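Let me begin by presenting the structure, written as structure tokens, before commenting on it.
None of the figures in this text is laboratory data; all of them are computed from the coordinates on show. These figures come from a predicted structure and were not determined experimentally. Cβ coordinates were reconstructed from backbone atoms using ideal geometry, including for glycine residues, and neighbour counts include every protein chain displayed.
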Amino acid sequence: MPKKLRNRNENFVAVDVGGTKIMAVVGTSGGTIVGRSRCSTPRDGDVKEVFHAIELAVGAAIKRAGLGAQDVAAIAVGIPGVVDYENGRILKTPNMPLTQAPLTEFLRERFGVPIVLDNDCNLGALGEAWMGAGRHAHSLFGIFVGTGIGSGFVQKRKLWRGARYAAGEIGHMVMGIGGPKCGCGNSGCLEAYASRTAVEREIREAVARGEATVLNELLGRDLSVIRSRALRAALDAKDALVTRVLEQVGHFLGAACLSVRHLLDPQRIILGGGVMEACGDFLMPRIRAALDADQMRSATDADELCPSRLGDYAVVVGGIALAARLCGPNPLKKYPDAELRILRSSGSSRG
């Protein structure tokens with residue numbers, strides 16, 4: 001890991017940089033969030049615009065905590081892509097314009113504190129291992145379904161990043177030879193079948209063929225961006241198109257979980273991300289059915305598949321743990337029974 005620092009300051013900033021939103025929080029190594037801020041990710045923005053949004057979110061979270069940059073020990077940032085954790089470099093971001101972008105240097109210059117970067121879903125899995133659905137599990141594999149699909153593997157409370165920092169990129173596991181083009185450049189990836197981006201594509205193509213959907217009414221016929229909450233509303237309205245597309249998503253996610261079981265056999269497989277939060281009650285039975293139909297399972301574990309407990313906060317909770325680990329003892333060991341606590345004075349969730 002990056003060179004450890006010694007800092008008695010117990011305040012840490014964690015940032016979740018997602019395809020649709022950026023959330024920054026200030027938290028303690030004991031799991032209390034004392035400041036938070038949230039803003040939209042510039043959808044078609046360049047590197048400078050995304051950097052500026054991250055800077056504003058971090059600054060707002062620190063301000064809402066009643067602190068200054070000098071009161072923060074370190075900042076951890078979750079990036080949706082491949083990150084050189086050891087050197088703080090962004091290597092590849094398939095769904096954002098941050099490939100090779102110097103975010104570490106930018107934030108260090110702006111805030112004057114140590115910066116640590118990691119894959120966002122690595123941090124999500126770490127957060128679930130610390131205070132979420134995987135606490136006290138000896139191993140867990142977290143799958144997060146949102147704009148893209150990512151995952152993280154935690155064993156004995158340690159992240160497995162891989163030899164080239166690309167472990168856990170389940171979204172880019174090929175599920176269909178010659179399948180649809182993925183944002184990473186390959187074809188037939190899980191992300192190209194089951195992410196919210198894939199759902200948007202399938203719905204737009206079906207509408208172009210003349211299929212009807214209640215989404216046209218809900219979104220004023222603008223289907224360029226279909227948020228997870230709109231998919232939820234369409235499910236509730238028993239929309240035939242959205243139901244069919246999400247049934248396909250459940251099929252692919254179930255196959256992915258089956259592959260995870262046979263490859264790693266983790267004690268827990270945890271499903272989170274915006275799509276799962278909004279539509280999990282529809283998707284989970286279909287994913288579970290794929291696992292239940294497995295002809296090679298050696299035993300039945302009712303707790304093997306479970307939803308995220310931390311929801312929107314999984315990545316930032318993992319970020320707090322990572323930043324705290326940079327400056328002192330591992331909080332997963334120092335505070336193994338910590339519970340997430342969000343102070344009411346931490347401010348509005350909007351940046």
Once phi is turned into θ = phi - 60°, what whole-Hz ³J(HN,Hα) does the Karplus curve with 6.51, -1.76 and 1.60 give for every residue of region 49-66, x standing for Gly and Pro? 5, 5, 4, 4, 5, 5, 4, 5, 5, 5, x, 5, 5, 5, 5, 5, 7, x
Whether region 1-160 is rounded, prolate or oblate, judged on the alpha carbon gyration tensor where a/c under 1.5 counts as rounded: rounded
Would you please give the residues with an amide H less than 5 Å from that of Asn11, counting only those at least 5 places away or on a separate chain, with H modeled from the backbone geometry? Ala73
What is the sum of charges around Val174, taking Lys and Arg as +1, Asp and Glu as -1, for the other residues whose C-beta is under 13 Å from the C-beta of Val174? -1
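Quick check on the chain: helices-only [θ] at 222 nm, where DSSP H runs of length 4 and up contribute -39,500 (n - 2.57) each and the sum goes over total residues. Nearest 500, please.
Values: 11 runs with 131 residues, N = 351.
Dividing the helical sum by the residues of the chain leaves -11500 deg cm²/dmol.
Taking other Cβ within 10 Å of each residue's Cβ, how do Ser187, Ser346, Ser37 sort, fewest first? Present the calculation step by step, with values, prior to reporting the outcome.
Values: Ser187 14, Ser346 21, Ser37 26.
Ranked by crowding around the Cβ, least crowded first: Ser187, Ser346, Ser37.
What ranking do 143-150, 109-116, 217-224, 177-184 get when scored by the average of other Cβ atoms within 10 Å per residue, highest first? Write out the running numbers ahead of the final one.
Values: 143-150: 28.8, 109-116: 18.1, 217-224: 12.5, 177-184: 14.9.
Listed from highest to lowest mean packing, they are 143-150, 109-116, 177-184, 217-224.
Quick one: of the DSSP bridges fully inside the chain, what percent are antiparallel, nearest 5? Don't jump to the answer; show the numbers that get you there.
Details: 28 of 48 bridges.
Just about 60 percent of them are antiparallel.
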For Ser187, distant residues with modelled amide H under 5 Å away: Cys182
In sequence order, what are the phi-derived ³J(HN,Hα) couplings for region 326-337 according to the Karplus relation 6.51 cos²θ - 1.76 cosθ + 1.60 with θ = phi - 60°, rounded to whole Hz, with x for glycine and proline? 5, 10, x, x, 5, x, 5, 9, 6, 10, x, 10
Amide H to amide H under 5 Å from Gly35: which residues, 5+ apart in sequence or cross-chain, H placed 1.01 Å off N in plane? Val26
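Need one word for region 1-86: rounded, prolate or oblate. Basis is the Cα gyration tensor (sqrt eigenvalues a ≥ b ≥ c); a/c below 1.5 gives rounded, then a/b vs b/c decides.
Values: a/c = 2.13, a/b = 1.33, b/c = 1.60.
Judged from the Cα gyration tensor, region 1-86 comes out oblate (a/c at least 1.5, b/c at or above a/b).
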What's the local net charge at Leu215, with K and R +1, D and E -1, over the other residues with C-beta under 15 Å away? +2
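Taking the highest mean first, how do the peptides 313-324, 85-96, 158-169, 24-35 order by number of other beta carbon atoms within 10 angstrom per residue? Show your work: numbers first, answer last.
Details: 313-324: 30.6, 85-96: 18.2, 158-169: 16.6, 24-35: 23.4.
Ranking the peptides 313-324, 85-96, 158-169, 24-35 by packing returns 313-324, 24-35, 85-96, 158-169.
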Region 268-275 - phi-based ³J(HN,Hα) in whole Hz, Karplus 6.51/-1.76/1.60, Gly and Pro as x: 10, 10, 10, 10, x, x, x, 5
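Among residues other than Arg227 whose Cβ falls under 14 Å from its Cβ, what is the net charge (Lys/Arg +1, Asp/Glu -1)?
Values: positive: Lys21, Arg43, Arg196, Arg229, Arg232; negative: Glu200, Asp222, Glu277, Asp312.
That works out to +1.
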Region 138-307: C-alpha gyration tensor shape, a/c 1.5 cut-off, then a/b vs b/c: prolate
Can you spot the lysines whose alpha carbon is less than 20 Å from Lys63's alpha carbon? Ignore those fewer than 8 places along the same chain. Lys21
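Of the listed peptides 335-341, 57-63, what is their order by residue-averaged count of other C-beta atoms within 10 Å, with the highest listed first? Walk me through the numbers on the way to the answer.
On the way: 335-341: 14.6, 57-63: 22.4.
Final packing ranking: 57-63, 335-341.
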